[in-house]
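The values are calculated or read from the model by the stated rules, or taken from the named source; none is laboratory data. What you are looking at is a predicted structure, and each value in this text was computed from that prediction instead of being measured. Here Cβ is always computed from backbone atoms with ideal geometry, including for glycine, and neighbour counts include all displayed protein chains.
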Amino acid sequence: MKKSFGKLVWSLVLAATLTVASQPAAAQCAMCKAAPANNLNMGGKAARGLNNGILYMFATPYVVVGSIVFLWWYYRKEEDQPEVVSEADLDRQARLN
C-alpha cells in the first residue's frame, strides 16, 4: 500500500505539472489594472475583492504542495518506526521453537 501511495502522489504531481505547463500565460493588461484602481478611488470595493482573489490563488499551490509533503512525511515516519516486541511475545516465540 505504501508504494501505491507514492505512485499516486507522483502521478498527481505529474498531471498537475502538465496541466499548468500547457496553459498559456497572460499578463494583466493596462485596462484590467486601471479599472479596479479607479473603482477603489471612487469608493468601491472591487479592488479589495480582486486583491483577495489574487492572494487566494497565490496561496493555493503552497497549501496543495504542503499537504502532499506532510502526507509523505507522515506515512514515511510510520514506515521507519521499529516494531516494538514485548517480553511476553519473545517468551511465546521461544516456547514455540
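Do you know which residues across the stretch 25-68 are surrounded by 12 or more Cβ atoms within 10 Å (Cβ to Cβ) and not in a helix (DSSP H, G or I)?
Hit for the stretch 25-68 is GLY44, nothing else.
Which ones in the stretch 43-76 are among the β-branched types (Val, Ile, Thr) and over 19 Å from ALA16 (Cβ atoms)?
Within the stretch 43-76, ILE54 is the sole residue that qualifies.
Going through the stretch 2-38 one residue at a time, which ones are modelled with pLDDT of 70 or more, of a type outside the set (Val, Ile, Thr) and under 13 Å from TRP72 (Cβ atoms)?
PHE5, GLY6, LYS7, LEU8, TRP10, LEU12
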